[in-house]
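To start, the structure under review is shown below, and the notes come after it.
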Amino acid sequence: MFALRNHRGLVRRVSHLLEAINKNNTTTKRRYCAPDCSLECEKKGIILGVYQGDQDQPILSPAAARYNDKVDGKILELVKSTGPLAEGMGRAFNNVDNEFWAVAVVGLGPENRGYNELEAIDEGMEAVRKAAAKGAVLLKFQGCTRVLVEGFGFPEQAAEGTALALWQYQENKMKENWKVIPTIELHDDGDMESFQRGLFKAESQNLARRLSDTPANLMTPLHFAQECVNELCPCGIKVEVHDRDWIEHTKMNAFMAVARGSCEPPILLTMSYCGGPQDLKPILIVGKGITFDSGGICIKKKFGMARYRGDLTGAASIVGAIRSVSALSLPININVVIPLCENMPSGMAMKCGDVVMGMNGKSIMITDTDNEGRLCLADAIIYGMKTYKPRLVIDIASLTPGIGSALGGGPSGVYCNSQTMWSQVRKAGIITGDRVWRMPLWKFYTKKVTDFPSHDVDNKGKGKGDSCLAAAFLQEFIHCVDWIHFDTTGVGMLAEDKVVPYYTKGRMTGRPTRTLTQLLYQLSCPAEGARELK
């Protein structure tokens, strides 16, 4: 084990949100701009909402109605003259008054919507995220550098939609070409606590997006560990970095089988957050941290291989979530284990047909070197369970292409051995709009990864259903504890389609950071979490 120290030569760090809030309780200063940009060029914009009434008649939100009175009815007149605004649509108007450079009016759909069981989502909350995101994008294109957004009745969700939509990955451009990211403020709403909570969650997801989107030569295992030290240690989270010698001494043979194919040294990263009583059993969270996945000697196709720089999205979302948990001071104990390495072809790379011994004594045959994630997770889960004695194990990984083919970019695939825990995960997805879908953990799949005469477990298994087979493989290393497995290949990596306005097409999404944060909130504050879902 060795310590890492902060230095300025690594990827540019996002300003810590807590420091910004301490300086100003009404705004989050997140300005990435060229050094010669001054506050003199600041242009204010405001986002206001309109509901869809009978026969598509516009109904202004309370905040929009008050602003409409202030400008002598101009807003309602403009909305009526330009046609109905459906949910998620918006228009920007200039020269409405002298205070704002631009006014974005966005559609919220019908009033008083709530939980839709068929869609497994709170439609009222999601409409606010979409509307705030659409307004933020419109104002950014108008050149606004300061965005005021009304709460729409859900200030937390308004903050999430705005902050997620304004994020942009531009760390590798020349600084003089960086675009200004507007600051965000709450307008005409007194619930500042909820708004700040939404900003915490969105900024944590944006951190996960940045970690996932950074090119693999700039986000090696060592660089990822350094980013975790930079981001988490100031929040009071203990971060330990274990090197190759420690990993080999601990006999993580399955993990090392993957890591030895690359010249980049592997890292095992552990983190501890202690917010609850010392005698409270912790929750163990394990994340897949493959900083680049070529497939090993079972190499992937060259077209689209660059997207696998994001094969660490599970690890990145955990880093974002635990930072958010610390910022929210949740009364819970959490331990995190993240195996970090590259999966590369070389003379030292694992070969098809190799057999390695897992930390629990089970022999594993490597039938497919492109199924490396489950090898790393198996050793990390065993180590975490032996070391921390958790009450619940959660693992997050972009594990199989099959889940992306089955579910697309809609929900994360979730495998769970506890009905109670699944109910909590499902509720978290409903509240955040980052949905989940339960997949089967049947013995049918277990036999397909264990029924072999020469070894205990196979990393590919027999037949189709690769996501289910991967979950069945991991279940062989889980004993006597509740377990939740997120397969996020379809949702955590590149956003293939512009399905919602708060994600950027062709960039990493950072999912399921907010769902994991919400889940941990529900588990740490069960009485309050029960009131979240109406």
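In this entry, Val436 is excluded by the filter for residues that are within 25 Å of the chain's Cα centre (by Cα), farther than 23 Å from Gly361 by Cα and surrounded by fewer than 23 Cβ atoms within 10 Å (Cβ to Cβ). Residue pairs whose Cβ atoms lie under 7 Å apart, separated by 6 or more positions or on different chains, with the first residue in region 479-499 and farther than 28 Å from Pro282 by Cα and the second in a strand (DSSP E or B), are Met493/Met508; Leu494/Met508.
Yes/no matrix, rows are residues, columns are (1) buried (at least 24 other Cβ atoms within 10 Å of the Cβ); (2) touching a Leu at 6+ places or on another chain (Cβ under 9 Å):
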site: Ala428; (1), (2): yes, yes
site: Lys443; (1), (2): no, no
site: His455; (1), (2): no, no
site: Lys460; (1), (2): no, yes
site: Asp487; (1), (2): yes, yes
site: Leu494; (1), (2): no, no
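Would you confirm, using the coordinates I've provided, whether Ser294 is without any contact (Cβ under 8 Å) to a residue 60 or more places away in the chain, assigned by TED's automatic domain parsing to the domain that holds Pro512 and within 21 Å of the chain's Cα centre (by Cα)? Considered against the rule, which asks whether it is without any contact (Cβ under 8 Å) to a residue 60 or more places away in the chain, assigned by TED's automatic domain parsing to the domain that holds Pro512 and within 21 Å of the chain's Cα centre (by Cα), Ser294 comes out as no. Taking region 65-169 as the region of interest, the helices (runs of 4 or more DSSP H) fully inside it that hold 3 or more residues being over 28 Å from Glu193 (Cα atoms) are 74-82. Listed conditions (1) touching a residue at least 24 places away in the same chain (Cβ under 8 Å); (2) on the phi < 0 side of the Ramachandran plot are all met by Arg113, apart from (1). If the condition is being within 26 Å of Gly310 (Cβ to Cβ) and either free of Cβ contacts under 8 Å to residues at least 40 places away in the same chain or in contact with a Pro (Cβ under 9 Å, 6 or more places away or on another chain) (or both), then region 412-440 contributes Ser412, Tyr415, Ala428, Gly429, Thr432, Asp434, Arg435, Val436, Trp437, Arg438.
Might you let me know whether region 210-218 holds any residue that is buried (at least 18 other Cβ atoms within 10 Å of the Cβ), modelled with pLDDT of 95 or more, farther than 22 Å from Asp354 by Cβ and basic (Lys, Arg)? Checking region 210-218: at least one residue is buried (at least 18 other Cβ atoms within 10 Å of the Cβ), modelled with pLDDT of 95 or more, farther than 22 Å from Asp354 by Cβ and basic (Lys, Arg). Looking at Glu227, Glu264, just one residue is farther than 27 Å from Ala471 by Cα, acidic (Asp, Glu), in the same structural domain as Met421 (by TED's automatic domain parsing) and in contact with a Ser or Thr (Cβ under 7 Å, 6 or more places away or on another chain), and that residue is Glu264. Residues that are touching a His at 6+ places or on another chain (Cβ under 7 Å) and closer than 25 Å to Ile285 by Cβ occur in region 381-395; there is at least one.
Checking each residue in region 166-177 for being crowded, with 18+ Cβ neighbours inside 10 Å and over 22 Å from Glu231 (Cα atoms) picks out no residue at all.
Can you report the number of residues in region 391-409 which are more than 14 Å from the chain's Cα centre (by Cα) and either surrounded by fewer than 22 Cβ atoms within 10 Å (Cβ to Cβ) or outside the structural domain of Ser467 (by TED's automatic domain parsing) (or both)? Adding up the residues that qualify gives 9. Flag not set for Ser324, criterion: in contact with a Pro (Cβ under 7 Å, 6 or more places away or on another chain) and modelled with pLDDT of 95 or more.
For Val149, are the conditions met, namely being assigned by TED's automatic domain parsing to the domain that holds Glu185, within 30 Å of Val436 (Cβ to Cβ) and crowded, with 21+ Cβ neighbours inside 10 Å? Criteria met by Val149.
Which members of region 424-461 meet the condition of being farther than 30 Å from Gly161 by Cβ and β-branched (Val, Ile, Thr)? Answer for region 424-461, where residues must be farther than 30 Å from Gly161 by Cβ and β-branched (Val, Ile, Thr): Thr446, Val449, Thr450, Val457. Considering each residue of region 474-495 in turn, at least one proves to be in the same structural domain as Ala316 (by TED's automatic domain parsing) and on the phi > 0 side of the Ramachandran plot.
The values are calculated or read from the model by the stated rules, or taken from the named source; none is laboratory data. What you see is a predicted model, and the numbers here were worked out from it, not measured in a lab. Cβ sites come from the backbone with ideal geometry, for glycine too, and all protein chains shown count toward neighbours.
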